[in-house]
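Reviewing the structure listed below.
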Amino acid sequence: MAAAVRAGVSGRILGRGSAVGARSMSSWWRSVEPAPKDPILGVTEAFLADPSPDKVNVGVGAYRDDNGKPVVLECVREAERRVAGNQNMEYLPMGGSVKMVEETLKLAYGEDSEFIKDKRIAAVQALSGTGACRLFADFQKRFSPDSQIYIPVPTWANHHNIWRDAHVPQRTYHYYHPESKGLDFAALMDDVKNAPNGSFFLLHACAHNPTGVDPSEDQWREISYQIKVKGHFPFFDMAYQGFASGDPERDAKAIRIFLEDGHAIGIAQSYAKNMGLYGQRVGCLSVLCEDEKQAIAVKSQLQQLARPMYSNPPVHGALVVSTILGDPELKSLWLKEVKVMADRIIGMRTALRENLEKFGSPLSWKHITEQIGMFCYSGMTPEQVDQLTKEYHIYLTRNGRISMAGVTTGNVGYLANAINEVTKSS
Amino acid sequence: MEPDNDPDRREETSTAKHCRVDESAFARVPRAPEIPIYAVMIACSKDPSPVKLNLGMGVYRTEDGKPLLLNVVRKAEELLFSDKSANKEYLPITGLTEFRELSAKLIFGADSPAITENRVTTVQCLSGTGSLRIGADFLAKYYYQSTVYLPEPTYGNHPNFFIAAGLCLRTYRYYDPVTKGLDFQGILEDLASAPLGAVVLLHACAHNPTGVDPTVEQWEEIRQIIRSRGLLPFFDCAYQGFVSGNLEDDAQAVRKFVADGGECLVVQSYSKNMGLYGERVGALSVVCKTADVVTRIESQLKLLIRPMYSNPPIHGAAIAAAILKDRNLFNEWKLEVETMTKRLTCMREQLFDALHEKGTPGDWTHILKHVGLFTFSGLKEEQIAFMTREFHVYMSSDGRINMAGLSANTVPHLANAIHAAVTQIQ
């Protein structure tokens, strides 16, 4: 932070006259630099500005139906119908909606989780996954001030920003294996072993963003074991539960393995994608503690950290979630709708791969169907991506990440052809 | 890859400062102290007395002691719900565009030079709290002066934003306990001796907790001192409309500062005046000397927001925008604000009259002079404790009374309590 007194100030004590204006001052903000554009959001901006009728947006990770339109789930509409116009909007408690948090913990820890029964989980409503991660990062900084966070390579870009702004030192661990377009398991395990004991590890619970590459169940067990040996703290970012396989229980498998193995974990959960509540900012941060007393203490500290950030979280999204999850029929409807979304994406993966193979691409595209969740790490280079955009009006991030949610039966052929054209000579 | 399964290795390799690998990383997290006003509210909620009076937290209540869902809010929410074309996609990082523009007009006036000359950026944040935090973080990063002056006293959470941002706090005299009015000389002296360029937090209207606002003439002198010292005004406007019942009139202090061409930060909250409390609707504006600075500042605000919660919640802002942009809804809203304010004024008069009739010792005219939701009663801590014990009256220990917690039925009870406390405890 600049410490020097601005030149404009020193000679400027105006004392006379009743109309003391400020026009002679120069702006305090003259030296503020324009911030670099967010790479992902920049893609959408460029897409919107493109007049081509063939344009395809496979950039942003928000679900689209087979017509390329955003979706409001039926269960959400019904929940909103029930609450619209008849609730006052009083402040939630600092920890958020108790009901919403209770239901959310069941999704992650299991309906009959002993940890929930024993009240060992410190949990607060958070501002979607981002807010949950940030709250945890701030908590980590305050109560584990000597610790560092290990972040996979690659990861959602904002993870780096979050822990940086929380002033927690960052390290990376190997994750994606470019040659196989799969998991670099050996290097990952080495990194876990070589990290100082008691390091914090950020793990994507399912549907890794941006690669779509998840460890197998066996691999998760080995990771869990090694993390336990080293006394590392596992922090799970679960933004896609239900969205990966279509079954929320299955998507929580990694977390359940760690719980069985006796880890004390932290989890960031989000309803942005799996309930389509993106803009409502609904999520949950939980930290599994040794006992109820510790959980109470930890929860109080999480609330303390939230107070000078936003005091208490927004009520509407939480109300929608608790209305849905608290009503067996609505919950059942939700589970069906999540499966429909996941199935459509899985279907598009198959279609994209088949189309590419049909076009006679010399490359292997099996990773498209092996990867899971919203994203596919295509393996394309930034230059190939630029070519896709320039020549075919196809928009995606330059790391080659394709948002499968943007793929439809209407554009999959066009997309496959374009990808084949730009990659076939590589 | 064989996992390392030699348990004896654990002890050897344990070098982390937080000791044993099997102890929770957060085993020694202490329980955070209860926030005083929350503790009061909890005590009140546990009190079984049928005559208990909750005059603590700063929320509006109707004559029946109930939260108020404004008619316009209900209508707006129903309108939003019936708009089937609306989706729940992410808002931009800076929030709902419509809301931002309308919010700026509400506080600055549609014909404000800051707006017409494109010299202001307004971003949607999570109510006043979230706006204060982003403003504080922005100052910490880009402003050359790290000292922030807060009025003595101020809203309990104010120091926390600036502390979280890493800034230094000082106070300026504000309230005179002898007159129960403004310590105007104290303000002028303290601002005159502030270091050049220091940030000064000002309550735009309806000071919390005292209810004491400067007069128009006093504001003018405050403005002159601030501009002549190059101090940076940071307005917190949480009660626009609650002083005079008129939104425009209550914005005058802010507008006079903007009219002189100088820079300032302004925070707005819609919690109270639109009853949107739990929806977390607010805005941060940065008024600059020149237009070219504004876009750069906006880009930097985005960098602060993204690692905190990515983008703000949509629901409340959509409601606010719907009200602000529709002539009928806006006019109806103005009337509802006026009605709320009239009720507060009525409660002031009734309480004053009741104390006057009882011949309660002391000068109670300050009850009539204070503005907004609160009155700084002047009662001492022991007197307040007495009132809680004997009369089940709950208020904050600094003597702040929320006038909205009163009704025609309960004023006599409060008057009795005050009378007893003042006569029995000196």
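No value in this document is a laboratory result; all are computed from the given coordinates. Just so it is clear, the structure is predicted and the values come from calculations on it, not from any experiment. Don't worry about glycine lacking a Cβ; one is built from the backbone with ideal geometry, like all the others, and counts go over all protein chains shown.
Restricting to chain B, what percent of DSSP beta bridges are antiparallel, rounded to 5? Intermediate values should be presented prior to the final figure.
On the way: 18 of 37 bridges.
Within chain B, antiparallel bridges account for around 50 percent of the total.
Please work out the Cα center distance from segment A:332-350 to segment B:324-344, rounded to the nearest Å.
What the calculation gives is 46 Å, centre to centre.
Counting only residues 5 or more places away or on other chains, whose amide H sits under 5 Å from the amide H of B:His203 once H atoms are built in the peptide plane?
B:Asp236
What aspartates and glutamates could a cross-link reach from A:Lys293, if we take a straight Cα to Cα line under 14 Å and drop same-chain neighbours fewer than 8 places away?
Within the straight-line limit of under 14 Å, A:Lys293 reaches these aspartates and glutamates: A:Asp118.
Across peptide B:316-327, how many C-beta atoms of other chains are within 10 Å of each residue C-beta, on average?
Numbers: counts 4, 2, 2, 2, 0, 0, 0, 0, 0, 0, 0, 0.
Rounded to a whole number, the mean comes out at 1.
Please find, in a Gaussian network model of chain A (springs between Cα atoms separated by less than 10 Å), the residue of A:Lys336, A:Lys37, A:Lys253 whose mean-square fluctuation is greatest.
Residue with maximal mean-square fluctuation among A:Lys336, A:Lys37, A:Lys253: A:Lys37.
Over segment A:314-405, what number does the Rg to Rh ratio reach, with both radii from the alpha-carbon atoms and Rh per Kirkwood? Walk me through the intermediate numbers first.
Values: Rg = 18.0 Å, Rh = 15.7 Å.
Dividing the radius of gyration by the Kirkwood radius yields 1.15.
Partner chain Cβ atoms within 10 Å, averaged over the residues of B:67-76 - can you pull that number for me? Walk me through the numbers before you get to the answer.
Numbers: counts 5, 3, 6, 2, 0, 0, 3, 5, 1, 1.
Other-chain Cβ atoms within 10 Å of each residue's Cβ, averaged: 3.
With the Cα gyration tensor of segment B:35-153 giving a ≥ b ≥ c as the square roots of its eigenvalues, does the rule (a/c under 1.5 for rounded; else a/b larger than b/c for prolate; else oblate) give rounded, prolate or oblate? Let's see the in-between values first.
Details: a/c = 2.24, a/b = 1.28, b/c = 1.76.
Oblate, since a/c reaches 1.5 and b/c is not below a/b.
So how do A:Phe243, B:Phe386 line up by other beta-carbon neighbours within 10 Å, fewest first? Could the numbers behind the result be given before it?
Numbers: A:Phe243 24, B:Phe386 19.
Fewest-to-most ranking of A:Phe243, B:Phe386: B:Phe386, A:Phe243.
Give me the base-10 log of I(q)/I(0) for segment A:197-317 at each q in 0.10, 0.14, 0.20 Å⁻¹, Debye formula, one uniform scatterer per Cα, rounded to two decimals.
-0.35, -0.68, -1.22
Counting other beta carbons within 10 Å of each Cβ, put B:Lys84, B:Lys289 in order, fewest first.
Details: B:Lys84 8, B:Lys289 22.
Fewest-to-most Cβ neighbours within 10 Å comes out as B:Lys84, B:Lys289.
What list do you get for B:Val51, A:Val56 if you sort them by fewest beta carbons within 10 Å? Spell out each step's value before the answer.
Working: B:Val51 11, A:Val56 26.
Ordered by Cβ neighbours within 10 Å, fewest first: B:Val51, A:Val56.
Going through the cross-link list B:Lys46/B:Lys358; A:Lys228/B:Lys88; A:Lys299/A:Lys331, which pairs have a Cα-Cα distance over 29 Å in this structure?
On the way: B:Lys46/B:Lys358 31 Å; A:Lys228/B:Lys88 40 Å; A:Lys299/A:Lys331 27 Å.
In this structure, B:Lys46/B:Lys358; A:Lys228/B:Lys88 lie more than 29 Å apart at Cα.
Tell me the relative contact order for chain B as a rounded percent, counting alpha carbon contacts under 8 Å between residues six or more apart. Before the final figure, lay out each step's value.
Working: 729 pairs, mean separation 100.7, N = 426.
So the answer I get is 24 percent.
For chain A, modelled as a Gaussian network with Cα springs under 10 Å, which listed residue fluctuates most, A:Leu302, A:Leu48, A:Leu352?
A:Leu48
So in chain A, what percent of DSSP beta bridges are antiparallel if you round to the nearest 5? Please list the in-between numbers first.
Values: 16 of 34 bridges.
Just about 45 percent of them are antiparallel.
Contact order normalised by length for segment A:323-390, with contacts defined as Cα pairs under 8 Å and 6 or more residues apart; what percent is it?
Numbers: 25 pairs, mean separation 15.0, N = 68.
Relative contact order, segment A:323-390: 22 percent.
May I have the pair-distance distribution P(r) for the protein assembly as shown, computed from all Cα-Cα distances with 10 Å bins from 0 and rounded to whole percent?
P(r) over the protein assembly as shown, rounded to whole percents: 2, 12, 21, 23, 20, 13, 6, 2, 0, 0.
Check the straight Cα-Cα distances from A:Lys366 and name the lysines below 20 Å, setting aside those fewer than 8 residues away within the same chain.
A:Lys181, A:Lys358, A:Lys424
Of the beta bridges DSSP finds with both residues in the protein assembly as shown, what % are antiparallel, to the nearest 5? Please report the intermediate quantities before stating the final value.
Numbers: 34 of 71 bridges.
Roughly 50 percent of the beta bridges in the protein assembly as shown run antiparallel, per DSSP.
Want the number for A:Arg142 to A:Thr381: 0.36 nm per residue separation, take away the alpha-carbon distance, what's left? Show your work: numbers first, answer last.
Working: separation 239, 0.36 × 239 = 86.04 nm, distance 4.01 nm.
Working it through step by step, the gained length comes to 82.0 nm.
State the Cα centre-to-centre distance between segment B:153-214 and segment B:253-321 in whole Å.
21
Using mean Cβ contacts within 10 Å as the protection proxy, how do B:295-306, B:123-134 order, highest first?
On the way: B:295-306: 19.9, B:123-134: 29.1.
In decreasing order of mean packing, B:295-306, B:123-134 become B:123-134, B:295-306.
Explain nothing, just the number: dipole magnitude of the protein assembly as shown about its Cα centre with +1 on each Lys and Arg Cβ and -1 on each Asp and Glu Cβ, in debye rounded to the nearest 20.
Details: 91 positive and 99 negative charges, 267 e Å.
So the dipole magnitude of the protein assembly as shown works out to roughly 1280 debye.
Which of the peptides A:193-202, B:278-287 is most tightly packed, and how do the rest follow, judged by the mean count of other Cβ atoms within 10 Å per residue?
B:278-287, A:193-202
Listed here are the pairs B:Lys272/B:Lys334; B:Lys105/B:Lys141; A:Lys37/B:Lys289; B:Lys84/B:Lys325; B:Lys75/B:Lys272; which of them are more than 22 Å apart at the Cα?
Details: B:Lys272/B:Lys334 13 Å; B:Lys105/B:Lys141 27 Å; A:Lys37/B:Lys289 24 Å; B:Lys84/B:Lys325 20 Å; B:Lys75/B:Lys272 17 Å.
Going by Cα-Cα distance, B:Lys105/B:Lys141; A:Lys37/B:Lys289 fall outside the 22 Å limit.
Just to be sure I understand: with springs between alpha-carbon atoms less than 10 Å apart, which residue in A:Glu222, A:Glu391, A:Glu337 has the highest mean-square fluctuation in the Gaussian network model of chain A?
Its mean-square fluctuation being the largest, the pick is A:Glu391.
For a quick check: with amide H placed at 1.01 Å from N, whose amide H comes under 5 Å from B:Cys125's, ignoring anything fewer than 5 positions away on the same chain?
Those lying under 5 Å, H to H, from B:Cys125 are B:Gly282, B:Ala283, B:Leu284.
Which log10 I(q)/I(0) values does chain A give at q = 0.11 Å⁻¹ under the Debye formula, counting every alpha carbon as one identical point scatterer?
Debye output, listed in q order: -0.89.
Convert each backbone phi in segment A:355-372 into a coupling constant with the Karplus relation 6.51 cos²θ - 1.76 cosθ + 1.60 (shift: θ = phi - 60°), then list the ³J(HN,Hα) values in order as whole Hz, x for Gly and Pro.
Whole-Hz 3J(HN,Hα) from phi for segment A:355-372: 4, 4, 5, 5, 6, x, 4, x, 8, 8, 10, 5, 5, 4, 8, 7, 6, 9.
Within a 10 angstrom radius of each residue's Cβ in A:270-280, how many Cβ atoms of other chains show up on average? Whole number is fine. Intermediate results must be reported in sequence, preceding the final value.
Working: counts 0, 0, 4, 0, 0, 1, 3, 4, 8, 14, 6.
Mean shielding by partner chains, rounded to a whole number: 4.
Could you give me the ³J(HN,Hα) list for segment B:52-62, computed from phi with Karplus coefficients 6.51, -1.76, 1.60 and θ = phi - 60°, whole Hz, x at Gly and Pro?
Karplus-based 3J(HN,Hα) across segment B:52-62 equals 5, 10, 9, 10, x, 5, x, 10, 7, 10, 7 Hz.
Near the amide H of A:Val56, under 5 Å away, which other amide H atoms are found, from residues 5 or more places off or on another chain, if H is placed in the peptide plane?
A:Ile394, A:Tyr395
Across segment A:97-106, in residue order, what do the Karplus-derived ³J(HN,Hα) couplings come to in whole Hz, using 6.51 cos²θ - 1.76 cosθ + 1.60 with θ = phi - 60° and x for Gly and Pro?
Per residue, the Karplus-derived 3J(HN,Hα) values read 6, 4, 4, 4, 5, 4, 5, 5, 5, 4 Hz.
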